[in-house]
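Novice: Structure incoming, see below.
The values are calculated or read from the model by the stated rules, or taken from the named source; none is laboratory data. Bear in mind the structure is a predicted one, so any value in this text is a computation, not a measurement. Quick reminder, even Gly has a Cβ in these numbers, built from the backbone with ideal geometry, and neighbours come from all protein chains shown.
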Amino acid sequence: MNRLQFITHFTDKYTYVDSARIALEGGCRWIQLRMKDATESELENAALQVKSLCAEYGAKFIIDDNVMMTKHIGADGVHLGKNDMPVDEARKILGSNYIIGGTANTFDDICRLYAQGADYIGCGPFRFTTTKKNLAAILGLDGYARLLKQMNERGIRLPLIAIGGIGYDDIPALFRTGVSGIALSGSVLRAADPVSEMRRIVDLIKQKEQTL
């Protein structure tokens, strides 16, 4: 499981595909294409471009929400939110060769996703973020530490990826909680030089890996 995941976003300066390219150029090797309000044709067009970019860089390519599009274009996997198709139903459609992740905010969410056979959990939000609507309760560092303790007590062994408003300065403390990785978006795209910012984050995570 990659310790760094990038969630695509668009800004006044960058399209969804641009944002994926920036992350890849900066060294990220896990891209999740999230286009909440796109039409099927818009999603397919962007997905094919991002799939090609990910293949070029040897990166994993995950599509947010859309199980059928994931199968149609042959992405590496799908990430399912709390209001999307259940993981076990998606598994019946996709089979065992696809990565299926799910979103969690509470320990009950984690238990449900574990029981349904998720491959990893995107857990958040760490703090307030403008890139997601209908935000769940903020977790903070204490929230991750608590959830990981509960997972350990229950014997749940799944990668837990922190997400939601994460920036460079948050990374050391987040990894100290025991999370498996982080997912980010806005903090990279808001940087003056997004590629350099992603590279800086990649380098920091490599340093942390040596001490974990």
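Novice: Inside the range 158-175, can you point out the residues that are more than 11 Å from ILE121 (Cβ to Cβ) and either of a type outside the set (Phe, Trp, Tyr) or in contact with an Asp or Glu (Cβ under 6 Å, 6 or more places away or on another chain) (or both)?
Specialist: From the range 158-175, those more than 11 Å from ILE121 (Cβ to Cβ) are 164-175; that's our starting set.
Answer for the range 158-175, where residues must be more than 11 Å from ILE121 (Cβ to Cβ) and either of a type outside the set (Phe, Trp, Tyr) or in contact with an Asp or Glu (Cβ under 6 Å, 6 or more places away or on another chain) (or both): GLY164, GLY165, ILE166, GLY167, ASP169, ASP170, ILE171, PRO172, ALA173, LEU174.
Novice: In addition: Considering only residues that are polar (S, T, N, Q) and part of a helix (DSSP H, G or I), look in the range 47-91 and name the one that is nearest to GLY101 (Cα to Cα).
Specialist: Let us first name the residues in the range 47-91 that are polar (S, T, N, Q), namely 49, 52, 66, 70, 83.
Narrowing further to those that are part of a helix (DSSP H, G or I): 49, 52, 70.
Numbers: GLN49: 22, SER52: 21, THR70: 13 Å.
So, considering only residues that are polar (S, T, N, Q) and part of a helix (DSSP H, G or I), the one nearest to GLY101 (Cα to Cα) is THR70.
Novice: Ok, one more. Residues THR130, THR103: which one is outside any helix (DSSP H, G or I), surrounded by fewer than 16 Cβ atoms within 10 Å (Cβ to Cβ) and of a type in the set (Ser, Thr, Tyr)?
Specialist: Numbers: THR103 fails: surrounded by fewer than 16 Cβ atoms within 10 Å (Cβ to Cβ).
Among THR130, THR103, only THR130 is outside any helix (DSSP H, G or I), surrounded by fewer than 16 Cβ atoms within 10 Å (Cβ to Cβ) and of a type in the set (Ser, Thr, Tyr).
Novice: Also, I was wondering about something else. Which pairs have Cβ atoms under 7 Å, sit 6 or more apart or on different chains, and link a residue in the range 191-212 that is within 10 Å of ALA23 (Cα to Cα) to one that is of a type in the set (Asp, Glu) and modelled with pLDDT of 95 or more?
Specialist: Every condition considered, the pairs that remain are VAL195/GLU25.
Novice: Return the pairs, sorted by first residue and then second, in which the second residue is assigned to a loop (DSSP other than H, G, I, E, B) and among the polar types (S, T, N, Q), the first residue lies in the range 23-42 and is at negative phi and surrounded by 12 or more Cβ atoms within 10 Å (Cβ to Cβ), the beta carbons are less than 7 Å apart, and the residues are 6+ apart or on different chains.
Specialist: Filtered contacts from the range 23-42: ARG29/ASN2; TRP30/ASN2; ILE31/THR8; GLN32/THR8; LEU33/THR8; ARG34/THR8.
Novice: From the residues in the range 133-155 that are surrounded by 14 or more Cβ atoms within 10 Å (Cβ to Cβ) and more than 15 Å from VAL179 (Cα to Cα), which one is modelled with the highest pLDDT?
Specialist: Only one residue fits best here, namely ILE138.
Novice: Just to be sure I understand, how many residues within the range 169-187 are farther than 23 Å from LEU80 by Cα and buried (at least 19 other Cβ atoms within 10 Å of the Cβ)?
Specialist: Residues that pass the stated criteria total 3.
Novice: Sticking with this one: Among the residues of the range 156-168, is any surrounded by fewer than 14 Cβ atoms within 10 Å (Cβ to Cβ) and among the small types (Gly, Ala, Ser)?
Specialist: Of the range 156-168, the ones surrounded by fewer than 14 Cβ atoms within 10 Å (Cβ to Cβ) are 157.
Next cut, among the small types (Gly, Ala, Ser) only: none.
Within the range 156-168, none of the residues are surrounded by fewer than 14 Cβ atoms within 10 Å (Cβ to Cβ) and among the small types (Gly, Ala, Ser).
Novice: So, one more: I need a count of the residues in the range 193-212 that are at pLDDT 95 or above and either outside any helix (DSSP H, G or I) or touching a Ser or Thr at 6+ places or on another chain (Cβ under 9 Å) (or both).
Specialist: Counting residues in the range 193-212 that are at pLDDT 95 or above and either outside any helix (DSSP H, G or I) or touching a Ser or Thr at 6+ places or on another chain (Cβ under 9 Å) (or both) gives 4.
Novice: What pairs come up if the first residue lies in the range 97-119 and is among the hydroxyl-bearing types (Ser, Thr, Tyr), the second is assigned to a helix (DSSP H, G or I) and buried (at least 22 other Cβ atoms within 10 Å of the Cβ), and their beta carbons are under 7 Å apart, counting only those six or more places apart or on different chains?
Specialist: TYR98/THR70
Novice: Of the residues in the range 175-189, how many are within 15 Å of LYS208 (Cα to Cα), out of contact with any helix residue (DSSP H, G or I) (no Cβ under 7 Å at 6 or more places or on another chain) and in contact (Cβ under 8 Å) with a residue 40 or more places away in the chain? Before the answer, list the steps.
Specialist: Of the residues in the range 175-189, the ones within 15 Å of LYS208 (Cα to Cα) are 175-182.
Still in the list and also out of contact with any helix residue (DSSP H, G or I) (no Cβ under 7 Å at 6 or more places or on another chain): 176, 180-181.
Retained after the next criterion (residues that are in contact (Cβ under 8 Å) with a residue 40 or more places away in the chain): 180-181.
Going through the range 175-189 one residue at a time, the tally reaches 2.
Novice: Out of (1) over 18 Å from GLY81 (Cβ atoms); (2) hydrophobic (A, V, I, L, M, F, W, C); (3) touching a Pro at 6+ places or on another chain (Cβ under 9 Å); (4) in contact (Cβ under 8 Å) with a residue 60 or more places away in the chain, the odd one out for ILE163 is which?
Specialist: (1)
Novice: Would the range 166-179 turn up any residue that is more than 23 Å from ILE201 (Cα to Cα) and either under 14 Å from the mean Cα position of the chain (by Cα) or of a type outside the set (Val, Ile, Thr) (or both)? Working first, answer last.
Specialist: Here is the first cut: in the range 166-179, the residues more than 23 Å from ILE201 (Cα to Cα) are none.
Looking for residues that are more than 23 Å from ILE201 (Cα to Cα) and either under 14 Å from the mean Cα position of the chain (by Cα) or of a type outside the set (Val, Ile, Thr) (or both), one finds none in the range 166-179, hence no.
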